[in-house]
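Heads up: the structure comes next, in structure tokens.
The values are calculated or read from the model by the stated rules, or taken from the named source; none is laboratory data. The structure presented is a predicted model; accordingly, all values stated were derived computationally and were not measured. Glycine gets a Cβ as well: all are built from the backbone with ideal geometry, and neighbour counts include every protein chain shown.
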DNA sequence: GCCGTTTTCGGCCCGACTGTTTTCAGTCG
């Protein structure tokens, strides 16, 4: 699929137009088109062939032409023209906090600076001094910004950010604040977050913030004010804190949770109703008519409250207007973890300890799913050992009261699509999870066919980490997800939402697509240690972002219902 | 450049902060 390639180009076009000072609304059209293409699960190439590009919201005549040209010629005229005017490095300059399109253009035009290193050097040599709008403070801000992006690198994984924020929220509450919540993309459970936002509703902002910046774990303080603070914590993550008056907490929480696109839509709706929304409340003329609670905002706009994980302007506002929002799956609905490794293969925790911890977490059962024989590097179980493990689990089950272990295995799907255990073993197992761990680089058709062949084996219940991507580290393997979803439906095979923090695979847009096609999903932490079991939260968050409900998720079934479902 | 249950033309979200400014541009979320 060329969707992402084209989205990237559209986004870059928008940035170059910003630098050139083009019309803002036109720029916005490119950004919107880029976003829509990124979220699209249909292949644009196919839509182009069927002449359906203009059915995509945000794609009109101009965008459709450009997409068509790219598919045919692998180039877009407008993009090529812009690239001749603006070198790529100039766009990168805008990644520096405090550098926007105007400043990027200024240093490029005046000093021919086209990369971050040259910019840093020029500032230090005082070459920016005297340019319009540049003073000493601005120079310092640019140097600081350069340091931040060099230190900070890219976005952080949700699974890394969540524990940090939980700890901080706890500390702020210990210091006396009552209204405390994470905001931003973290509250929306996006798979990666740029920085961490924490919102506090309290009268005494100065005290909250000075306590906050002095807590342990803070490496550097970037800003301290009465309403805002910003620190870098150990590990290089930036954390922002904002304090608002308690009677504005709801409006501020709504505002700072975003997404930006979602908020823009809400303000448009407000405008049609003669209302105005900002971070202090919702207003009719000069009268504040709500804002203490987040629910106020939605209620006064005449729509249902929308869970944060849905706030991406991907149809949730329309659903809220027509009272068709899904009842999202929640942690309380989860009765089991469907993918757990023990010390029988490459995990480090004993089966019994996993069972005890799972029970403590409120589950009624879990699936022990160690690796199969050919995955030698992970100490995969051979036929003898898997038989022995099945016996062991049966034995432990006899000792457990009110909790059950299921015998499972994460069985390798071999290069030809056959399974790494004979059917006689697969039949004995309660849960068979098919997974690809080798030969990632096969051609798309081969790889897709390989997974489909595995799904056609009636003993295979779940396909693990269907796209194989590792966030920021390894690209997804080249599979035709639409075909996989179709086959999953036909063979009644579940697709996994692998909730290990560096996988989160299926991604939200595909999990949503799978649901639309009647495919069930199985959340598995892929835990290799007792301390990994908490990552179920990440999978449930992802499921929410995919609009999944209780009925879409196998983890919500009781032990007996699950067994029944799997044997039918 | 997109879009339309008031529109095929004329709209397209809002406010704070910062730094550079004598009234505002740029950046950010």
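Listing for the model above:
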quantity: Residues of region A:49-71 satisfying the condition of being within 14 Å of DNA strand B (Cβ to nearest atom) and surrounded by fewer than 19 Cβ atoms within 10 Å (Cβ to Cβ); calculated: A:52, A:54, A:55, A:56, A:57, A:58, A:60, A:61, A:62, A:65, A:68, A:69
quantity: Subset of region A:412-432 [in a strand (DSSP E or B) and in contact with a helix residue (DSSP H, G or I) (Cβ under 7 Å, 6 or more places away or on another chain)]; calculated: A:413, A:419, A:431, A:432
quantity: Selection within region A:244-272 - surrounded by fewer than 17 Cβ atoms within 10 Å (Cβ to Cβ) and more than 11 Å from DNA strand B (Cβ to nearest atom); calculated: A:245, A:246, A:247
quantity: Residue check, residue A:359 more than 13 Å from DNA strand B (Cβ to nearest atom), outside any loop (DSSP other than H, G, I, E, B) and either at positive phi or assigned by TED's automatic domain parsing to the domain that holds residue A:404 (or both); calculated: yes
quantity: Which listed residue, of A:241, A:269, is touching a residue at least 40 places away in the same chain (Cβ under 8 Å) and under 26 Å from the mean Cα position of the chain (by Cα); calculated: A:241
quantity: Elements of type strands (runs of 3 or more DSSP E) in region A:161-234, at least 1 residues being within 23 Å of the chain's Cα centre (by Cα) and modelled with pLDDT of 90 or more; calculated: A:179-183, A:196-201
quantity: Output for region A:306-351, where each listed residue is in a loop (DSSP other than H, G, I, E, B), closer than 19 Å to residue A:264 by Cβ and touching a residue at least 12 places away in the same chain (Cβ under 8 Å); calculated: A:306, A:307, A:311, A:312, A:313, A:314
quantity: Odd one out for residue A:76, checked against (1) more than 28 Å from the chain's Cα centre (by Cα); (2) within 10 Å of DNA strand B (Cβ to nearest atom); (3) buried (at least 16 other Cβ atoms within 10 Å of the Cβ); calculated: (2)
quantity: Qualifying residue in region A:437-449 (condition: closer than 21 Å to residue A:369 by Cα, touching a strand residue (DSSP E or B) at 6+ places or on another chain (Cβ under 8 Å) and surrounded by fewer than 22 Cβ atoms within 10 Å (Cβ to Cβ)); calculated: yes
